[in-house]
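Structure first, then comments.
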Amino acid sequence: MANGYGRDLDRLIATLEGFRAVHGCWPTRVRSSKAFIASLRSILTEKGYQQLSSKVVLISRSSGITAEDDCGHKYSYGDHVQDWSKRADIEAWLGYLEYHPCDDNDGMVFLNDAESATPNLVETDESRT
């Protein structure tokens with residue numbers, strides 16, 4: 001999991017996957033802090049954020065990251081998963097989310113292992129279009 005740029009997106013993906021593994025279905029909303037939601041907005045392109053929002057409603061709360069569904073099922077980031085056999089292909093459900101590359105250190109792009117930690121992301125460089 002990334003500890004720098006993209007870490008909040010990694011945490012979101014882990015929460016969504018954990019919810020699916022525990023409950024056997026995908027969540028319909030995620031509750032998290034305003035700062036967390038703002039971080040996702042800054043990491044994802046507008047298209048990527050809209051795609052995410054088409055699957056889950058992001059709801060602001062004081063802290064933590066909790067995925068929920070309409071049946072009352074909940075899963076919070078960091079909760080233990082006993083059985084990962086219900087884990088499904090998140091890419092098939094969520095698709096590929098476009099995100100902005102991290103442009104630091106004189107223009108070099110560092111992804112902090114975001115490609116391996118969250119394979120459902122597609123890096124885009126909007127300045128090339």
Inset, instruction - Could you please find all residues in region 35-49 being within 14 Å of ARG11 (Cα to Cα) and polar (S, T, N, Q)? - result: SER39
Legend entry - Selected residue (criterion: surrounded by the most Cβ atoms within 10 Å (Cβ to Cβ)) from residues of region 42-57 that are in contact with a strand residue (DSSP E or B) (Cβ under 9 Å, 6 or more places away or on another chain) and charged (D, E, K, R): LYS47
Inset, instruction - State which residue is farthest from LEU16 (Cα to Cα) when the search covers only region 61-77 and only residues that are touching a Phe, Trp or Tyr at 6+ places or on another chain (Cβ under 9 Å) and modelled with pLDDT under 95. - result: SER63
Legend entry - Index of the failed condition, SER53 passing every other in (1) at pLDDT below 90; (2) assigned to a helix (DSSP H, G or I): (1)
Legend entry - The one condition in (1) modelled with pLDDT of 95 or more; (2) closer than 18 Å to ASP8 by Cα; (3) more than 11 Å from the chain's Cα centre (by Cα); (4) part of a helix (DSSP H, G or I) that ARG31 fails to fulfil: (4)
Inset, instruction - Answer with yes or no whether TRP26 is surrounded by 17 or more Cβ atoms within 10 Å (Cβ to Cβ), at pLDDT 75 or above and out of contact with any strand residue (DSSP E or B) (no Cβ under 6 Å at 6 or more places or on another chain). - result: yes
Legend entry - Candidate set from region 58-78 (those that are charged (D, E, K, R) and in a loop (DSSP other than H, G, I, E, B)); member that is surrounded by the most Cβ atoms within 10 Å (Cβ to Cβ): ASP69
Inset, instruction - Kindly check whether there is at least one residue in region 25-42 that is under 20 Å from ASP89 (Cα atoms) and out of contact with any Leu (no Cβ under 8 Å at 6 or more places or on another chain). - result: yes
Legend entry - Inter-residue pairs, beta-carbon under 8 Å, first touching a residue at least 24 places away in the same chain (Cβ under 8 Å) and in region 38-63, second in a strand (DSSP E or B) and among the acidic types (Asp, Glu), 6+ apart: LEU44/GLU98; THR45/GLU98; LYS47/GLU98; GLY48/GLU98; GLN51/GLU98
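The values are calculated or read from the model by the stated rules, or taken from the named source; none is laboratory data. Owing to the predicted nature of the structure, the values given are computational and were not obtained by experimental measurement. Neighbour counts run over all protein chains shown; Cβ positions are idealised from the backbone, glycine included.
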